[in-house]
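Trainee: Just passing along the structure, written as structure tokens.
The values are calculated or read from the model by the stated rules, or taken from the named source; none is laboratory data. These numbers were taken from a predicted model, which means no experiment stands behind them. Here the Cβ positions follow ideal geometry from the backbone for every residue, glycine too, while neighbour counts run over all protein chains shown.
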């Protein structure tokens, strides 16, 4: 693989870059004069992303790589410069109902949502450590704060990412690397279209991307939105479990008998 030249532009690496928040972040970063390395397993969607951003073709490189494949991730990392911004966004959501409970659903989401982030972090962090600079943003979710309907496979992976980010920041601080956690509420992506319950505060991916980049250089550890919904959900985490359970069931209108 030929080593890429990046001149003096800041380099942003984004996993899960072919759609949703990832694609929206690619668009925003290109408009902010970044050199963007877009990583996704879906080559067709990556090609569409590149066509959509054709006027930035010299600043966008796409790589069809599955985040569960460490060797492929390391190959990409080897041939780019040290990322100034590493956004670990790849993830999937598959709802769980007790009637179709499957260990495979849990394994798949753990492999991508948690270990996929760890493998991506491992691949790209090495040059950042050598360069002693950069920002890492890990995409978690408000579902990582408290259990939500149908998220028994998804939510634990996001909780794990939260714990990982909180723990690893002590080590990264020694190298002047900042780590941030992003915990969105409901964002209108393919993932949430399978939900058949009310999703309060639903926002579009481009809005989410703008909020993230507006806060990427702030001093706060966690970026969360939309404000009203995230504030409500944070409040629920302080309530007794029985009360928070009833309120979540009411707010999401999750009352159907299956």
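Trainee: Of all residues in segment 54-84 being within 21 Å of the chain's Cα centre (by Cα) and under 18 Å from residue 32 (Cβ atoms), which is surrounded by the fewest Cβ atoms within 10 Å (Cβ to Cβ)?
Mentor: Filtering first and then ranking leaves 84.
Trainee: Run residue 220 past the list (1) in contact with a helix residue (DSSP H, G or I) (Cβ under 9 Å, 6 or more places away or on another chain); (2) not in a helix (DSSP H, G or I) and report the number of the one that doesn't hold.
Mentor: Among (1) in contact with a helix residue (DSSP H, G or I) (Cβ under 9 Å, 6 or more places away or on another chain); (2) not in a helix (DSSP H, G or I), residue 220 violates only (1).
Trainee: Hey, another quick one. From the list 102, 75, 64, 51, pick out the single residue that is modelled with pLDDT of 95 or more and more than 30 Å from residue 152 (Cα to Cα).
Mentor: 75
Trainee: A further question on this structure: Might you let me know whether segment 148-170 holds any residue that is more than 25 Å from residue 111 (Cα to Cα) and touching a strand residue (DSSP E or B) at 6+ places or on another chain (Cβ under 9 Å)?
Mentor: no
Trainee: Hey, any hits in segment 206-217 for a residue that's within 30 Å of residue 100 (Cβ to Cβ), assigned to a helix (DSSP H, G or I) and either at pLDDT below 95 or out of contact with any helix residue (DSSP H, G or I) (no Cβ under 6 Å at 6 or more places or on another chain) (or both)?
Mentor: Scanning segment 206-217 turns up no residue that is within 30 Å of residue 100 (Cβ to Cβ), assigned to a helix (DSSP H, G or I) and either at pLDDT below 95 or out of contact with any helix residue (DSSP H, G or I) (no Cβ under 6 Å at 6 or more places or on another chain) (or both).
Trainee: Just one of 179, 212, 168 is within 26 Å of residue 82 (Cα to Cα), free of Cβ contacts under 8 Å to residues at least 60 places away in the same chain and crowded, with 19+ Cβ neighbours inside 10 Å; which is it?
Mentor: 179
Trainee: Only residues in segment 105-132 that are on the phi > 0 side of the Ramachandran plot count as the first member; pair them with residues that are surrounded by fewer than 20 Cβ atoms within 10 Å (Cβ to Cβ), Cβ under 6 angstrom, at least 6 apart or cross-chain, and list the lot.
Mentor: Here the result reads 132/175; 132/176, each pair linking segment 105-132 to a residue that is surrounded by fewer than 20 Cβ atoms within 10 Å (Cβ to Cβ).
Trainee: Cβ-Cβ below 7 Å, separation at least six or inter-chain, first residue in segment 245-258 and closer than 15 Å to residue 143 by Cβ, second surrounded by 13 or more Cβ atoms within 10 Å (Cβ to Cβ) and modelled with pLDDT of 75 or more: which pairs?
Mentor: 248/148; 248/236; 251/200; 252/149; 254/149
Trainee: Here is a check on your reading of the model: is residue 200 surrounded by 16 or more Cβ atoms within 10 Å (Cβ to Cβ), in a loop (DSSP other than H, G, I, E, B) and modelled with pLDDT under 95?
Mentor: no
Trainee: What pairs come out if I take residues in segment 35-48 that are in contact (Cβ under 8 Å) with a residue 60 or more places away in the chain and pair them with residues that are buried (at least 24 other Cβ atoms within 10 Å of the Cβ) whose C-beta lies under 7 Å away, six or more apart or interchain?
Mentor: 39/13; 39/14; 39/15; 39/17
Trainee: Could you list all residues from segment 182-195 that are out of contact with any strand residue (DSSP E or B) (no Cβ under 9 Å at 6 or more places or on another chain), surrounded by fewer than 18 Cβ atoms within 10 Å (Cβ to Cβ) and in contact (Cβ under 8 Å) with a residue 12 or more places away in the chain?
Mentor: Residues satisfying the conditions are 190, 192, 194.
Trainee: Checking the condition in a helix (DSSP H, G or I), within 21 Å of the chain's Cα centre (by Cα) and at pLDDT 95 or above, which residue from 14, 21, 87 passes?
Mentor: Within the list 14, 21, 87, the selection yields 21.
Trainee: If you don't mind, another one. What are the residues in segment 156-197 that are in a loop (DSSP other than H, G, I, E, B) and in contact with a helix residue (DSSP H, G or I) (Cβ under 6 Å, 6 or more places away or on another chain), if any?
Mentor: Scanning segment 156-197 gives 175, 177, 185, 186, 189.
Trainee: Continuing with the same structure: Could you run through segment 90-109 and say how many residues are assigned to a helix (DSSP H, G or I) and touching a helix residue (DSSP H, G or I) at 6+ places or on another chain (Cβ under 6 Å)?
Mentor: 1
Trainee: Tell me yes or no: at least one residue of segment 126-136 is closer than 30 Å to residue 232 by Cα and buried (at least 20 other Cβ atoms within 10 Å of the Cβ).
Mentor: Yes: segment 126-136 contains one or more residues that are closer than 30 Å to residue 232 by Cα and buried (at least 20 other Cβ atoms within 10 Å of the Cβ).
Trainee: Of the residues in segment 139-153, how many are surrounded by fewer than 24 Cβ atoms within 10 Å (Cβ to Cβ) and modelled with pLDDT of 95 or more?
Mentor: Of the residues in that region, 4 qualify.
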